Amino acid sequence: MSTFAQTGAAGSGNNSRMGYYRFMMYGEQTPRPIREIAEMPTTPNQGVGAFAGDANNRAPQPTTVTGSTFKFRLYANLAPIGWLGLGGASSVWACVVDKKEQATPFQWAGEYLFENDGSNHFLTWSALAGYPVACNAWAYANTWILTSDPVLKAIKSDQVLSRYSPDSPWLYANSDYEWLNVHAESTD
C-alpha cells in the first residue's frame, strides 16, 4: 500500500481530501493540509460585497449596439422562473426578478451584452465564489453567446448562465450549477 493510501485512509475531514487533491494534481506521495484550498467557500457569493475580477478587456469599447432592446426571461426545466434583473450590493449582481418591469434591458454590442439603462455597463462574471454574474464597466466586460439550446454562455470561461439553488435568486456563469434557458423578449 502506498504512503498516500495509508495516510489518506487514516486521515479525516478536509485534510485527507486535500491530500488526495494534491496527490492527483501534483503527484506527491504524502498528502498534507492545504489551508488555502480547504478554506474556500462551499457556497457561492450571494450578491454581497464588491465585484472581484481582472480588468483585462483591452479592446476598444463598442460605440454602437445592434437590434432592439430586450429582457431575458428565465426558465428552469422548461418552466418560467422569472427575469434576469440586478440586485444585491450596489445593484450590480444578476438575479432572478419576478416581473418584466424589474428586469434589466440589454442590447447586443458585438458579442457583448450592453446594459441599456444609462449605466454604460456590460454583462460579465466575477471571480468570486461560484462565478456570480454581474454588470460592470467596459474593462470587466466578457463576451457571451446565445446558443440554440437556448442558454446564455460566457465565451471566455465556456460556462452557462445558471443558478445554484431554486431557493436563491442569484445567477452564475457556472456549468456545474442548474442551467437556465433564456428567451430574449423585446421591450419595443
**Asked** Hey, does region 50-66 have a residue that's in contact (Cβ under 8 Å) with a residue 24 or more places away in the chain and under 13 Å from HIS183 (Cα atoms)?
**Response** no
**Request:** Filter region 156-183 for residues that are part of a loop (DSSP other than H, G, I, E, B) and of a type outside the set (Gly, Ala, Ser) and give the result.
**Result:** LYS156, ASP158, TYR164, PRO166, ASP167, PRO169, ASN174, ASP176, TYR177, LEU180
**Fill in**
Of (1) crowded, with 20+ Cβ neighbours inside 10 Å; (2) in a strand (DSSP E or B); (3) on the phi > 0 side of the Ramachandran plot; (4) not polar (S, T, N, Q), GLY130 fails just (2)
**Message:** Based on this model, can you work out whether GLN102 counts as over 18 Å from the mean Cα position of the chain (by Cα) and free of Cβ contacts under 8 Å to residues at least 24 places away in the same chain?
**Reply:** yes
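Every number here is computed from the coordinates shown, using simple stated rules; none is lab data. Only a predicted model underlies this, so the values are computations on that prediction, with no experimental measurement involved. Neighbour counts run over all protein chains shown; Cβ positions are idealised from the backbone, glycine included.
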